[in-house]
Amino acid sequence: MTALLSIDGVSKSFGAVCALSGVDLSVDAGSIFAIIGPNGAGKSTLFNAITGIYTLDSGTIAFDGRRIDGLPTFVIARRGIARTFQNLRLFGFLSAIDNVLIGEHARMRGTLVDSLLGTPRARAQERAARERARAWLDFVGLNDVGEQFARNLSYGAQRRLEIARALASQPRLLLLDEPAAGLNPTEKRELADLVRAIRDRGVTVVLIEHDMGLVMSLCERIAVLDHGEKIAQGAPAEIRANPAVIEAYLGAPA
Amino acid sequence: MHEFLAQLVNGISVGAIYALIALGYTMVYGIVELINFAHGDVYTFGSFVALTVLTALGVSGEVHGIALVIDVCLAILAAAVVCGVLGIAIERFAYRRLRNAPRLAPLITAIGVSFILENVMQLWQGPAQVSFPAVFANPSLALGPIAVTVKQLVVVLLAVGAMLALQYIVHNTRLGMAMRATAQDRDAASLVGIDVNRAIALAFLLGGALAGLAGFVSGVYYQSAWFFNGFSAGLKAFTAAVLGGIGNIAGAMLGGFLIGIIESFATWKLGGQWSNVTVFAILVIVLVVRPSGLLGTKPIVKV
Amino acid sequence: MIYVYVLATIAAVVIVERTRSRRVKLAILAALALTLAIVPFVDRTDATFNVLADAGVFVMLALGLNIVVGYAGLLDLGYAAFFAIGAYAYGILASPQFGVHLPFWAILFIAAACAGLAGIVLGAPTLRLHGDYLAIVTLGFGEIVPQVFQNTQAVGGPNGIAALDVPSALGHSFGTAAVPYYFVTLGGIALVAWVARNLGRSRLGRAWMAIREDELAAKHMGIDTTRTKLAAFAIGASFSGLGGVIFAAKLGLVSPDLFQFQVSVLILSMLVLGGMGSLIGVVVGSLVLSLLNSALLPNINAVIASTLHVNVDLTNYHFLIYGVILVAIMLFRPEGFLPNRERRAELHAAAITETSS
Ligand SMILES: Nc1ncnc2c1ncn2[C@@H]1O[C@H](COP(=O)(O)OP(=O)(O)OP(=O)(O)O)[C@@H](O)[C@H]1O
Ligand SMILES: [Mg+2]
């Protein structure tokens, strides 16, 4: 297997806070990969670094063999990296289906003239996109909510909608920031099934998660961050037995 | 050289007025992140209040001795109080309801308030320029090679005095500290028991009062007032606040003086008709190149 | 009579908006278009069409500003600058001032392009700015443009350019009547409204909505936010350029004082009144405010003069009315009177949370 995402010596600090220091990480294509660590460890910052929200202090990030650090966020998205946010960032006042349709923007082609004139070609594209969007909603288990405002959906449904929106861009890498936060046990189980189904469609998944049970059962490899440093990486069994990890968690119970 | 110094002095005096107005923009922006578009008109309102008081006191030209002190104090007091209260009223009735609305909404409302104030003043004082009594005798004093008029001196002294008073209030009184805390983080401030509404009202009160003072000062300085003065003076003062770093009190003062000086030199070198264009061009350039201004800090993006 | 036309038009548009069936919609629109086209041949009072043609220009302007403010959520307070650029394009290209006499129809395209380009030139460096800052920068730009015209003697300085060419169509000069301009604005509105509607439903329109709601999330969806916002600026500006040409041609002159900040705010008020982001709302809002200005207030003046025997000129206070409209609507009905669904929810929700807390 080849590494789809490779992160090399990435550091990022905010004033005095060193959120990431010299993090290396390599994610194989086709895997489900977890990033864990106590609160404030730098996990979300790592996602933000990957999607180009922050400029790195040092280090490089490569996706599919090409450097992506320094590129604007929208270009990175178009290369095939989609994500969800720890604190949902749906387009709250747009319908669920519109949210998913916007997710397709990374893939849709169309000229300004098409948009201005509403050409038959544009309308045909639009219809097809709508079909696909419905399919994505079905895929994440959201039938019949298409026309509702995103903000009016239940919390669990909003989390799923965010995943559907991310999938709509047909990414090769999907970053999920705490997808199970706030979900009940049943919803968590459904989420695990959904993540596997996503992987089975050929999408590599990296997720940040605090629920150890979920992480251990779902993921093939795990990296542990603490105070901005990667303190361990390995298969679930190795991580469970790693003294440094145990200490990080005992030192700062999460 | 001579002309250069004269323009510099001129710019500093005009800049003092901009600085006083800019303080109101910066305090309000610092605490509620709103460009209080009506602030320039509050300043004009101050001119008219001062004019009304002076007229009632029978002042129509220069005044001397103790009468000068009394008249000036009363005019300033009235302008500052009325404008401070006007500021609070505007916040209470026009902006407070929209504190959590999309950012567009309060700004549009502010423009509306500005239009209303301008028209009210037009109804009250007419559409033409109104003349303002000289109040001070205005001989020119020689400070070494620099010629300074009494009025220029008065303008700058009053402005600097007010700014020192403001610094004291903001840094050394309980309410002032509540105001700064609210500007830092409104939610945290309300959690530790600060009355956020009062702190915000204070920002509008102080800003309004300073604008009132500026209104008096500019009336005396230009010997005229016009209902529409606030529009361009307000824009220039806002530019000053942005140049200094919006939300930053010292920055507003610095920016005010700088804009006054720049405008003065632009008028000298390019001609009066280009002075507005110069100032607005500076506004655009600063916002594009360094939106945090000279003394401001860069805001951080939270995800 | 003019009120009958306008009210009937408004009624027709509102019905079209509320009807579901596409056939019925098209039928009503066709009937409306036909009626509006026939009316001038029946009713020959020029004053009526004078007012309507002026109103028509403002409908076009408001539809353009709606792209920027309503769709993309970018507050542009210097919109009159683009209007000025369109008008001056006509002034320069169709007057004895420079001895250039291009045809009206060609200038329409040129002016739309110039204004669009100006939109890009202004937008490119400034669109990184957020919310209020963007608004203020556009305001600054809106002040600079007429000032530059005013300070440039080549374009007539403060006096502007007069004696502009009278347009002609198919070899017939427009002459001094307002009716030809009425037809031109009808066509202009139809074109601009159709384009705006297409945009609203297009990929680009959705990208605007995404940016309006959450710019950072939009970037993560692969949306090039800078280009997308530039497109809004350019398209909105080009509508304004079209309006400027018609305006200048009809008036026969251009001068810098016609494009002050107040004009930008007037157009903004039209949007706010009808409902930002709602095509129907914007059309109705701009018709209502235009008429208020040019027909209703003078009529009320006359009524007051004849009944109370006092002479007041309410038109002096129309900016007071815009101010009140802006404040009252933002406070009590921020979505305007004929809102679209997304904007109603978005603008209204904030007001509701505020009152309940
Ligand atoms: N934009 C920012 N500006 C300043 N500091 C930041 C910023 N983003 C993150 N930090 C700081 O960096 C550190 C790491 O934050 P990060 O959000 O990455 O943690 P996390 O591992 O995702 O934690 P959690 O489990 O709570 O989500 C924290 O100390 C945080 O306060
Ligand atoms: Mg996090």
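Quick notes on this one:
- Elements of type helices (runs of 4 or more DSSP H) contained in segment A:141-254, each with 2 or more residues being crowded, with 20+ Cβ neighbours inside 10 Å: A:155-167, A:185-200, A:212-218, A:243-251
- Exactly one residue out of B:ALA266, B:ALA237 is more than 16 Å from ligand 2 (Cβ to nearest atom) and within 20 Å of the chain's Cα centre (by Cα), and it is B:ALA237.
- Filter result for A:VAL27 (within 10 Å of chain C (Cβ to nearest Cβ) and away from ligand 1 (no atom under 16 Å from the Cβ)): no
- Count - residues of segment C:125-160 that are farther than 19 Å from C:ALA115 by Cα and aliphatic (A, V, I, L, M): 3
- When segment A:37-58 is filtered for residues that are open to solvent by less than 30 Å² (accessible area, probe 1.4 Å), more than 9 Å from ligand 1 (Cβ to nearest atom) and either closer than 18 Å to A:GLU229 by Cβ or free of Cβ contacts under 8 Å to residues at least 60 places away in the same chain (or both), the ones remaining, listed by number, are A:ALA49, A:ILE50, A:GLY52.
- Of the residues C:VAL245, C:VAL265, the single one that is at pLDDT 90 or above and away from every other protein chain (no Cβ under 14 Å) is C:VAL245.
- Verdict on A:GLU131 being away from ligand 1 (no atom under 16 Å from the Cβ), within 13 Å of another protein chain (Cβ to nearest Cβ) and either of a type outside the set (Gly, Ala, Ser) or within 23 Å of the chain's Cα centre (by Cα) (or both): no
- Of all residues in segment C:182-204, those being in contact with a helix residue (DSSP H, G or I) (Cβ under 7 Å, 6 or more places away or on another chain) and more than 7 Å from chain A (Cβ to nearest Cβ) number 11.
- Unmet requirement for B:ILE246, which otherwise passes all of (1) over 13 Å from B:ASN36 (Cα atoms); (2) open to solvent by 10 Å² or more (accessible area, probe 1.4 Å): (1)
- Note on segment C:318-333: residues that are assigned to a helix (DSSP H, G or I), open to solvent by 50 Å² or more (accessible area, probe 1.4 Å), under 20 Å from B:ARG97 (Cβ atoms) and not aliphatic (A, V, I, L, M) amount to 1.
- Condition check for B:THR239: out of contact with any Lys or Arg (no Cβ under 9 Å at 6 or more places or on another chain) and open to solvent by 30 Å² or more (accessible area, probe 1.4 Å): no
- Contacts under 6 angstrom Cβ, first residue in segment A:90-119 being over 20 Å from C:ARG197 (Cα atoms) and more than 7 Å from chain C (Cβ to nearest Cβ), partner open to solvent by 10 Å² or more (accessible area, probe 1.4 Å) and at pLDDT below 90, 6 or more apart: A:ALA96/A:VAL145; A:ALA96/A:GLN148
- Hey, A:ILE68 touching a strand residue (DSSP E or B) at 6+ places or on another chain (Cβ under 8 Å), open to solvent by less than 10 Å² (accessible area, probe 1.4 Å) and farther than 26 Å from C:ALA218 by Cβ or not: no
- Listed by first and then second residue, the pairs linking a residue in segment C:189-209 that is free of Cβ contacts under 8 Å to residues at least 60 places away in the same chain to a residue that is outside any helix (DSSP H, G or I) and crowded, with 23+ Cβ neighbours inside 10 Å, with Cβ atoms under 7 Å apart and 6 or more places separating them unless they lie on different chains, are C:ALA207/C:ILE223.
Yes or no, residue by residue, for (1) away from every other protein chain (no Cβ under 14 Å); (2) within 30 Å of C:GLY73 (Cβ to Cβ); (3) surrounded by 15 or more Cβ atoms within 10 Å (Cβ to Cβ):
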site	(1), (2), (3)
B:LEU104	no, yes, yes
B:GLY112	no, yes, yes
B:SER140	yes, no, no
B:VAL150	yes, no, no
B:VAL156	yes, no, yes
B:ASP185	yes, yes, no
B:VAL192	yes, no, no
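- Restricting attention to segment B:275-286, the residues that are open to solvent by 50 Å² or more (accessible area, probe 1.4 Å) and either over 20 Å from C:VAL121 (Cβ atoms) or at pLDDT below 85 (or both) add up to 0.
- Residues in segment A:1-29 that are within 14 Å of ligand 2 (Cβ to nearest atom) and in contact with a strand residue (DSSP E or B) (Cβ under 9 Å, 6 or more places away or on another chain): A:LYS12, A:ALA19, A:LEU20.
- Selection status of B:PHE45, open to solvent by less than 60 Å² (accessible area, probe 1.4 Å), outside any helix (DSSP H, G or I) and in contact (Cβ under 8 Å) with a residue 12 or more places away in the chain: no
- Which numbered condition A:ALA197 fails, given (1) within 16 Å of ligand 2 (Cβ to nearest atom); (2) away from chain C (no Cβ under 14 Å): (1)
- For A:LEU90, the conditions (1) open to solvent by 40 Å² or more (accessible area, probe 1.4 Å); (2) more than 16 Å from ligand 2 (Cβ to nearest atom) all hold with the exception of (1).
- Answer from B:ASN276, B:ASN248 - the residue that is under 27 Å from B:MET121 (Cα atoms) and either within 16 Å of ligand 1 (Cβ to nearest atom) or of a type in the set (S, T, N, Q) (or both): B:ASN276
- Residues of segment A:30-79 satisfying the condition of being away from ligand 2 (no atom under 16 Å from the Cβ), in a loop (DSSP other than H, G, I, E, B) and closer than 21 Å to A:LEU167 by Cβ: A:GLY30, A:SER31, A:GLY52, A:ASP64, A:ILE68
- Listing of helices (runs of 4 or more DSSP H) fully contained in segment C:1-107 that carry 1 or more residues being surrounded by 24 or more Cβ atoms within 10 Å (Cβ to Cβ): C:46-65, C:80-93
The values are calculated or read from the model by the stated rules, or taken from the named source; none is laboratory data. All values reported here derive from a predicted model rather than from experimental measurement. No Cβ is skipped: glycine too gets one built from the backbone with ideal geometry, and neighbour counts run over all protein chains shown. The accessibility values were calculated without ligands, DNA or RNA, using every heavy atom of the protein model including side chains. Shrake-Rupley method; radii C 1.70, N 1.55, O 1.52, S 1.80 Å.
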